[in-house]
Amino acid sequence: MKSSFLKQRIVAGFLFFWVTILAQTTTDGAHIQTGIDGKTYKVFTTTKGTNLRLTLTQSGIFSAASQPLETEISVFVNPKQAFQEFLGIGGAITDASAEVFSKLSPSKQSEFLKAYFGEEGINYNIIRTSIHSSDFGLGSHTYIEEGDGALHTFSIEKDLEKRIPLIQKAQALIHAQDFVFYASPWSPPAFMKTNNNMLQGGKLRPEFYQSWADYYVKFIEAYEAQGIPVWGLTIQNEPMAVQRWESCIYTAEEERDFLKHYLGPTLHRNGMKDKKIVVWDHNRDLISHRANTIFEDREAMKYAWGIGFHWYETWTGGAPKYDNLKSINESYPSMNLLFTEGCQEGFDAERLHHWPNAERYGNSMINDFNSGTVGWTDWNILLNQYGGPNHVQNFCFAPIHANTETDQLIYTPTYYYIGHFSKFIRQGANRISTTTSRSTLESTSFRNENGSSVTVVMNKTNDNIQYKFIVGNNQATLDIAPHSIQSILY
């Protein structure tokens, strides 16, 4: 009896030691401590219908893995199989976001910035913006006077009012080596287009190809003069969409030739060959045709860093075309995949906490990363209580909304779902092999440069699911509640 009691005391003391170690570890993905022998894990959870929001819900010690049964649900991670390097996660600072931010009190502005870009927040490191105006703003504008094809009047004065100050405040919270800032045009100036209108599609007139290429250079020079290093550019936002807002059409051949003969050489001539050029910047449905047309041309391909994509092909109710991404990753392994925009359309104030919105993000992020995507950029980081402002009433959801009348920030479930990736996975991480034994769970994993690993598991079903979490030769038995997402740190 004394021997048995002594053994129990020893075991209890051992467990208390590990619980103490776990309690002292930080939630910062860059400084995760996994225990002396690397066998411990921590689980952070967000769950519908509860107060769990990126909350530490479980911690423990791995045991030796055993043969899983067919009746069990399992998540399998093979740390020996590593894939693409992680660039980061972030969102767009639009004129709309800057306008809403300017109406917040100083304390709410500080809270907002820390929530996205601070260590105590979800650690965004990517920022996208528009080259002059998009639909999300108070109106259309360019950086030149109408008709100035020589660009003598080029000025970003309007951006200096609200947009650039917000970008600079966010930039100040991001480690300089991790900061990724890129820009996309929605439309050239009206006089450069076949329809003489920044809205409603139209095409870039051939006689303005060089002038428009020079415009990108002017943008980069102007923003970098403000201390904002430009990582790269996309050639055109949604080049196959005639929109009632700023838009411009390029066929695959037209975009290829503009890249090959104008934009690429112009950047190189101006000492900007380090700037990353991203083609397509539209949906997954037609992405293969764009990739095949541009990347099969050696002269065009040498100027391209990769291909960007959105998720709006799901408007029609079809399944997202993740297999198209995998095909590009297999066909052109030197080209990078970058998610450049997504949002939940059709704003409705009654659905700010609509859980399927967040699950759409979780599904996309898991499958995009598993298809080879290196970075993921959400659309507006902030909108008002009406889903705007938008000068053509194209209102939508953002992860955080602000009620500008009450000075209130509204954190939607989407904010937390994105955070399950962005808070813990750090730039330079590598995706590692992850599969599930049932389609009821979706999962992806990354290993950070410091050796810590993160596995994200999502349960979109109405059922509580117990699963075996098997990492190499180690395992743990975990539970995930209905409509939950978990980040497992180990």
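List every residue pair whose Cβ atoms lie under 6 Å apart, where the two residues are 6 or more positions apart in sequence or sit on different chains, the first residue falls within the stretch 321-333 and is surrounded by 20 or more Cβ atoms within 10 Å (Cβ to Cβ), and the second residue, located anywhere, is part of a helix (DSSP H, G or I).
So the pair list comes out as 324/287; 324/288; 328/291.
Taking only pairs six or more apart or across chains, which ones have beta-carbon atoms under 9 Å, a first residue in the stretch 218-229 that is assigned by TED's automatic domain parsing to the domain that holds residue 168, and a second residue that is of a type in the set (Ser, Thr, Tyr)?
218/143; 219/143; 222/143; 222/155; 223/129; 229/223
Going residue by residue through the stretch 266-273, is there one that turns out to be in the same structural domain as residue 142 (by TED's automatic domain parsing), in contact with a strand residue (DSSP E or B) (Cβ under 7 Å, 6 or more places away or on another chain) and crowded, with 19+ Cβ neighbours inside 10 Å?
No, the stretch 266-273 has no match at all.
So which residues in the stretch 215-235 are buried (at least 22 other Cβ atoms within 10 Å of the Cβ) and touching a helix residue (DSSP H, G or I) at 6+ places or on another chain (Cβ under 7 Å), if there are any at all?
Listed by number, the residues that qualify are 216, 233, 235.
Being without any contact (Cβ under 8 Å) to a residue 24 or more places away in the chain and out of contact with any Cys (no Cβ under 9 Å at 6 or more places or on another chain): is that true of residue 299 here?
no
Taking residue 167, is it part of a helix (DSSP H, G or I), of a type in the set (A, V, I, L, M), touching a strand residue (DSSP E or B) at 6+ places or on another chain (Cβ under 7 Å) and surrounded by 20 or more Cβ atoms within 10 Å (Cβ to Cβ)?
yes
Does the stretch 46-67 contain at least one residue that is outside the structural domain of residue 340 (by TED's automatic domain parsing), touching a Gly at 6+ places or on another chain (Cβ under 7 Å) and within 21 Å of residue 422 (Cβ to Cβ)?
Within the stretch 46-67 (the criterion being outside the structural domain of residue 340 (by TED's automatic domain parsing), touching a Gly at 6+ places or on another chain (Cβ under 7 Å) and within 21 Å of residue 422 (Cβ to Cβ)), the answer is yes, since at least one residue qualifies.
From the list 182, 209, pick out the single residue that is under 30 Å from residue 103 (Cα atoms), assigned by TED's automatic domain parsing to the domain that holds residue 146 and in contact (Cβ under 8 Å) with a residue 40 or more places away in the chain.
On inspection, the qualifying residue turns out to be 182.
Residue check: is residue 137 in contact (Cβ under 8 Å) with a residue 24 or more places away in the chain, small (Gly, Ala, Ser), assigned by TED's automatic domain parsing to the domain that holds residue 165 and surrounded by fewer than 20 Cβ atoms within 10 Å (Cβ to Cβ)?
no
Give me the helices (runs of 4 or more DSSP H) completely within the stretch 283-358, filtered to those with at least 2 residues that are in contact with a Lys or Arg (Cβ under 6 Å, 6 or more places away or on another chain) and over 30 Å from residue 413 (Cα atoms), ordered by residue number.
Because the criterion is at least 2 residues that are in contact with a Lys or Arg (Cβ under 6 Å, 6 or more places away or on another chain) and over 30 Å from residue 413 (Cα atoms), the helices (runs of 4 or more DSSP H) in the stretch 283-358 that meet it are 287-295, 298-301.
Filter the stretch 68-86 for residues that are in contact with a Gly (Cβ under 9 Å, 6 or more places away or on another chain) and buried (at least 18 other Cβ atoms within 10 Å of the Cβ) and give the result.
77, 84, 86
Within the stretch 347-367, is even one residue more than 18 Å from the chain's Cα centre (by Cα), surrounded by fewer than 19 Cβ atoms within 10 Å (Cβ to Cβ) and of a type in the set (Gly, Ala, Ser)?
Yes, that holds for at least one residue.
Please work out if residue 242 is farther than 18 Å from residue 293 by Cα, free of Cβ contacts under 8 Å to residues at least 60 places away in the same chain and in a helix (DSSP H, G or I).
Judged against the criteria, residue 242 is not a match.
Report yes if residue 474 is at pLDDT 95 or above, farther than 13 Å from residue 365 by Cβ, within 18 Å of the chain's Cα centre (by Cα) and assigned by TED's automatic domain parsing to the domain that holds residue 45, otherwise no.
no
So residue 406 clears everything in (1) surrounded by 22 or more Cβ atoms within 10 Å (Cβ to Cβ); (2) within 23 Å of residue 105 (Cβ to Cβ) except one condition, right? Which one?
(1)
I'd like the full set of residues that are more than 23 Å from residue 48 (Cα to Cα) and surrounded by 21 or more Cβ atoms within 10 Å (Cβ to Cβ), limited to the stretch 449-469.
452, 453
The values are calculated or read from the model by the stated rules, or taken from the named source; none is laboratory data. Treat the numbers as computed from the prediction; the structure is a model and nothing was measured. Cβ sites come from the backbone with ideal geometry, for glycine too, and all protein chains shown count toward neighbours.
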